[in-house]
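J.: Below you will find the structure I want to go over with you.
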């Protein structure tokens, strides 16, 4: 079984398994293994400049040419609900009931989906965000969504500001967002590689870093805590971040 | 849940969970994360020179001092049977019946155990061995166990010659041992890191390398093939082997 945690990779793989065409817009500076994975699943990649206007105009041209349906990576109802299924699977597989779950927050689809999936269970929901792109935690404190963020963090998958649909869901249903430093993220990432034998990128280690933090420990949660690990694209031809 | 695939680490963890003392003899040149894992599980480590006589005399002294029971890493009935339980779990978890299974072979405990566990199922059993320490494949061809091997392979966990108990079990129950080059092992290892998101050491990638080989593909096995992945101790402070 191939696990594909990246949005583009997951869509390319799902489309191939169903015999559907798949067209992916990716920034020119995307990580090489991400590009190779998407390509190997048979999707057609169109590269664009790494900024929002270029992404949108490239997407528009692509849709006009192919008639393809746009599947947004986080700020859309079906994407949010789909991402929330990770918690449903986790609840099913866990040997005992979870007391809490924690998910990383960038665009917020995964965290909002997790919170919706937790509805009606007794699972408390938390988010984890890097200090260098803590727009969600800040937005929750301010009572309004922060639309732009000057992201400076090693967790490149979490640099996006929280989406319009996602923010109010998080506001209503998430108990708190734990902010972690890049140093804590890198330490957590190394520990996950060494002990859990999991190749995770910094974004994928953020939630694990958060549960190791003093802020989370002080919550003194009794019972098992589920950690959503999302993001395993690491350019293995480059030195690892702790070297 | 902590997965511990290393013999010393697994014993240290199991002992801690049961509140039993654990004493481990390790060669001085063991990988740092392996040492740290064993130590963090609360076992007492005694280091020795990296050769068989030193290992045995250190073990003897340790047993005299502590009265501990020796649990050999591969050439003992209970160890073989314990290692074979990996296949039982795999059969239980696989969504459809396995047509075959492949396990790496160094000392041979895992492969012999796998073969015993496959008894009475329709699962065909294969081994995977590095070309630079292919004493098991050679022994099968010659019809007798090779006792010494001048191992030269990146797969350091598979350098040991096959044990006395293990060889006849393998001879009787294993259909064949696929020999793979270090280059094939490193390629397989990189692919496992990139796509399966698994931190495996070269020894842990040997079986995956074998199923990708021409020799295995030519067997033309119909149905799912189980791959036993054993060994995830990589010194992450050093450059990765494909760099």
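J.: Binned at 10 Å from 0, what are the whole-percent values of the Cα-Cα distance distribution for the range B:98-172, short to long?
T.: Over the range B:98-172, the share of Cα pairs per 10 Å bin runs 22, 53, 23, 2 percent.
J.: Also, I was wondering about something else. Between chain A and chain B, with a rotation axis joining them, whose C-beta in A is nearest that axis, and what is the whole-Å distance?
T.: A:199, 3
J.: For chain B, what is the relative contact order in percent, using Cα pairs closer than 8 Å and at least 6 residues apart in sequence? Show your work: numbers first, answer last.
T.: Values: 435 pairs, mean separation 45.7, N = 243.
With pairs under 8 Å counted, the relative contact order is 19 percent.
J.: Sort A:25-34, B:166-175 for me by packing, meaning the mean count of neighbouring Cβ atoms within 10 Å per residue, highest on top.
T.: B:166-175, A:25-34
J.: In square nanometres, what is one fourth of the surface area of the convex hull spanned by the alpha carbons of the range B:154-234? Mind dumping the intermediate values first?
T.: Numbers: hull surface 23.9 nm².
Averaging across all directions leaves 6.0 nm² for the Cα convex hull.
J.: Based on the mean of other beta carbon atoms within 10 Å per residue, what is the order of A:147-156, B:54-63, B:203-212, most packed first?
T.: B:203-212, A:147-156, B:54-63
J.: Further question: Pop a pseudo-label 7 angstrom from the Cα along the beta-carbon direction at both residue B:218 and residue A:63 and give the gap in nm to one decimal.
T.: 5.3
J.: Using a label position 7 Å from Cα in the Cα→Cβ direction, what is the ascending list of nm distances from residue B:29 to the same site in the other copies?
T.: 4.3
J.: What fraction of the DSSP beta bridges in the protein assembly as shown is antiparallel, stated in percent and rounded to the nearest 5?
T.: Antiparallel bridges make up about 5 percent of those DSSP assigns within the protein assembly as shown.
J.: For the range B:43-85, take N as its residue count and report Rg(C-alpha) divided by 2.2 N^0.38 Å. Mind showing how you got there, number by number?
T.: On the way: Rg = 12.1 Å, N = 43, 2.2 N^0.38 = 9.2 Å.
Cα-based Rg divided by the globular estimate yields 1.31.
J.: Let me check the size of the range A:7-66 from its C-alpha atoms; what are the radius of gyration and Dmax in Å?
T.: Computed over the Cα atoms of the range A:7-66, radius of gyration and Dmax are 11.3, 32 Å.
J.: I would also like to ask the following. Using alpha carbon centroids, what distance separates the range A:64-95 and the range B:225-239, in Å?
T.: Answer, in whole Å: 31.
J.: 7 Å along Cα→Cβ for the label point: how many nanometres lie between residue A:191 and each equivalent label in the other copies, listed shortest first?
T.: Spelled out, the distances from residue A:191's label point are 3.4 nm.
J.: If you take the alpha carbon radius of gyration of the protein assembly as shown and divide it by 2.2 N^0.38 Å, what ratio comes out, to two decimals?
T.: 1.07
J.: For the range A:94-243, count all C-alpha to C-alpha pairs, find those more than 21 Å apart, and express that count as a whole percent of the total.
T.: Tail of P(r) above 21 Å: 40 percent of Cα pairs.
J.: Among B:214-223, B:72-81, what's the highest-first ranking by average C-beta atoms within 10 angstrom per residue?
T.: B:72-81, B:214-223
J.: Please report how far the C-alpha centroid of the range A:121-181 lies from that of the range B:128-169, rounded to the nearest whole angstrom.
T.: 54
J.: For the range A:70-132, what is the per residue volume of the convex hull drawn over the alpha-carbon atoms, in cubic angstrom?
T.: On the way: hull volume 5.1 nm³, N = 63.
That works out to 81 Å³ per residue.
J.: Using a label point 7 angstrom from Cα along Cα-to-C-beta, what distances in nm, from shortest up, separate residue B:218 from the other copies?
T.: Once sorted, the set of distances for residue B:218 reads 6.6 nm.
J.: Across 5 Å bins from 0, what is the distribution of all Cα-Cα pair distances for the range B:1-158, in whole percents?
T.: Whole-percent P(r) values from 0 Å outward: 2, 8, 14, 18, 20, 17, 12, 8, 2, 0, 0.
J.: Take every residue in peptide A:227-239, count the Cβ atoms of other chains within 10 Å of its Cβ, and give the average of those counts.
T.: 2
J.: What is the spin-label model distance, in nm, from residue B:141 to residue B:93 if the labels are put 7 Å beyond Cα along the C-beta direction?
T.: For the pair residue B:141/residue B:93, the computed spacing is 3.5 nm.
J.: Sticking with this structure for a sec: Counting only other chains, what is the mean number of Cβ atoms within 10 angstrom of the Cβ of each residue in peptide A:188-198?
T.: 5
J.: A further question follows. Which value at 222 nm does the protein assembly as shown reach when only helices count, each DSSP H run of 4 or more adding -39,500 (n - 2.57), with the total divided by all residues and rounded to the nearest 500 deg cm²/dmol?
T.: Helices in the protein assembly as shown give a 222 nm mean residue ellipticity of -12500 deg cm²/dmol.
Coordinate-derived values only; no laboratory data. Since this is a predicted model, take the numbers as computed values, not measurements. Here the Cβ is made from the backbone with ideal geometry for all residues, glycine too, and neighbour counts use every protein chain on show.
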